[in-house]
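Accompanying notes for the structure given below.
The values are calculated or read from the model by the stated rules, or taken from the named source; none is laboratory data. Note that the structure is a prediction, hence the values are computed from the model and not measured. As a convention, Cβ positions derive from the backbone with ideal geometry for all residues, glycine included, and neighbour counts pool all protein chains shown. Areas reflect the complete protein model, heavy atoms only, side chains present, ligands, DNA and RNA absent. Shrake-Rupley method; radii C 1.70, N 1.55, O 1.52, S 1.80 Å.
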Amino acid sequence: MKLRIALLPGDGIGPEVVGQSVAVLEAVCRKFSHELEAKEGLIGGCAIRAAGDPLPQDTITLVKAAGAVLMGSVGHPDFDALPPEKRPEKGLLRLRKELHVFANLRPARCLPALAELSPLRREVVEGTDMIIIRELTGGIYYGTPRGIQEVNGVMTAINTMVYTRPEIERLARVGFKLARLRGKRVTSVDKANVLENSQFWRETVTTLRDKEFPDIQLDHQLVDSCAMLIVSNPKRFDVVITENLFGDILSDEAAVLTGSIGMLPSASLGEHTGLYEPVHGSAPDIAGKGIANPLGTILSMAMMLRHSFNLEKEALAVEQAVVRAIEAGVRPRDLKGQATTEQVGQAVIGAL
Ligand code: NAD
Ligand code: IPM
Ligand code: MN
């Protein structure tokens, strides 16, 4: 098969972790006789510097012609004082909209070999295998009205959480269908004790389950107590569905169960091209040092093989190679080891 992918390394550690993921992908192509056609584009702070826009038109053209998109991360301290509209992160938010990737799958599994690395006790985290499905193109991230303006003589900041019934239903369907392939349990997370938006979310999800997925066990959790349960009893979760901002926050929390945020992959899916990126950011504190953990991006690449190219055998081979490399003791700094980004990538290739 010919794999036509767009690479968007981005800022900070992005180029370092994408570089190793491409090396592993090349090894997959050699092993399974696929052909790789990878083209690189700009996104984020580097795109602002080069083209004055965090998502230049060239990048939009590139991703729309690709079979899948593999991204690193965006964000740089130089832009921290700018309004949201002018920041590197805006490029990513626009990219998600351009690709219509409304469902962001963020699996959090605790590998037994890494259970000691979580600040939580082994018996709490070991056996955790949950997946957060975060709504990605709606909610408070995109709702209008928004902005900072003077209202009745007082400076006022406004953001708006908006969801339509079809937006909630299509996200929930992804969750229910995935649950059928796993433990058949879905937890829907909201703040229905306060927000009308969440009351509507809860009612819509419940009605959909009753109508189309009666075989799935559904429970509802308020986001505040859900945050507590993720660290006190993570094994109770199978599939979690939630709106954009809650999913952003809960997925970084779930990273604690795996030992490091550097381990967490993600797949953003819609009707067409999928977008694959690690959950972590550009990590300015370690960028350029060659010590970032590339496994979150390598595992995102595995999700790309599975979801965009239907290459399950290849995806599993990458995931098993990651586990073997970890079990062999190859650990980057965030996993309390000394291995460089490149050594981790090479170890995965070796295990493959
Ligand atoms: P971050 O995820 O970049 O870093 C948080 C901490 O985790 C840092 O100490 C960092 O060194 C560490 N870390 C993250 N990834 C790691 C890896 N692969 N290996 C080893 N250590 C790793 O979050 P932040 O510091 O809050 O954000 C930094 C910048 O990244 C901001 O500009 C933010 O907007 C952006 N960001 C981008 C994305 C994305 O592109 N998807 C996601 C989150 C944050
Ligand atoms: C993530 C990030 C992004 C988000 C930022 C960089 C826009 O935190 O992918 O989790 O909030 O979605
Ligand atoms: Mn985030």
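Hey, among 269, 250, which residue is open to solvent by 10 Å² or more (accessible area, probe 1.4 Å) and either within 13 Å of the chain's Cα centre (by Cα) or closer than 21 Å to residue 177 by Cβ (or both)? Answer to the check: 269.
Could you check the stretch 164-182 and list, in sequence order, the residues that are more than 21 Å from the chain's Cα centre (by Cα) and either assigned to a loop (DSSP other than H, G, I, E, B) or without any contact (Cβ under 8 Å) to a residue 12 or more places away in the chain (or both)? Result: 164, 166. From the list 234, 284, the one residue that fits, being open to solvent by less than 50 Å² (accessible area, probe 1.4 Å) and either at pLDDT 95 or above or more than 24 Å from residue 25 (Cβ to Cβ) (or both), is 234. Of all residues in the stretch 26-59, how many are of a type in the set (A, V, I, L, M), surrounded by fewer than 17 Cβ atoms within 10 Å (Cβ to Cβ) and assigned to a helix (DSSP H, G or I)? The qualifying residues number 2. Take residue 60 and decide whether it is among the β-branched types (Val, Ile, Thr), touching a residue at least 24 places away in the same chain (Cβ under 8 Å) and more than 30 Å from residue 167 (Cα to Cα). Considered against the rule, which asks whether it is among the β-branched types (Val, Ile, Thr), touching a residue at least 24 places away in the same chain (Cβ under 8 Å) and more than 30 Å from residue 167 (Cα to Cα), residue 60 comes out as no. All conditions but one from (1) closer than 27 Å to residue 67 by Cα; (2) within 16 Å of ligand 3 (Cβ to nearest atom); (3) in contact with a strand residue (DSSP E or B) (Cβ under 8 Å, 6 or more places away or on another chain) apply to residue 303; the one that does not is (2). A residue that is within 12 Å of ligand 2 (Cβ to nearest atom), in contact with a strand residue (DSSP E or B) (Cβ under 7 Å, 6 or more places away or on another chain) and among the hydrophobic types (A, V, I, L, M, F, W, C) cannot be found anywhere in the stretch 237-244. When the stretch 203-223 is filtered for residues that are farther than 19 Å from residue 165 by Cα and of a type in the set (A, V, I, L, M), the ones remaining, listed by number, are 216, 222, 223.
Determine whether the stretch 140-147 contains at least one residue that is in contact (Cβ under 8 Å) with a residue 12 or more places away in the chain and either part of a strand (DSSP E or B) or open to solvent by less than 40 Å² (accessible area, probe 1.4 Å) (or both). Talk me through it step by step, then tell me what you get.
Narrowing the stretch 140-147 to residues in contact (Cβ under 8 Å) with a residue 12 or more places away in the chain: 140-146.
Add one more test, that the residue is either part of a strand (DSSP E or B) or open to solvent by less than 40 Å² (accessible area, probe 1.4 Å) (or both), and what stays is 143.
Yes, the stretch 140-147 contains at least one residue that is in contact (Cβ under 8 Å) with a residue 12 or more places away in the chain and either part of a strand (DSSP E or B) or open to solvent by less than 40 Å² (accessible area, probe 1.4 Å) (or both).
When each of 127, 75, 91, 52 is tested for being within 16 Å of ligand 3 (Cβ to nearest atom) and at positive phi, the lone residue that passes is 75. Counting only residues that are of a type outside the set (Asp, Glu), within 15 Å of ligand 3 (Cβ to nearest atom) and out of contact with any Gly (no Cβ under 8 Å at 6 or more places or on another chain), the stretch 241-257 holds 9 of them.
Checking each residue in the stretch 63-85 for being touching a helix residue (DSSP H, G or I) at 6+ places or on another chain (Cβ under 7 Å), within 16 Å of ligand 1 (Cβ to nearest atom) and touching a residue at least 12 places away in the same chain (Cβ under 8 Å) picks out 63, 69, 70, 72, 73, 74, 75, 76, 78, 79. Selection of the stretch 19-44 for residues being of a type in the set (Phe, Trp, Tyr) and within 10 Å of residue 349 (Cα to Cα) yields an empty set. For the stretch 79-112, the set of residues classified as open to solvent by 70 Å² or more (accessible area, probe 1.4 Å), at pLDDT 95 or above and farther than 25 Å from residue 130 by Cβ consists of 94, 97, 100, listed by residue number.
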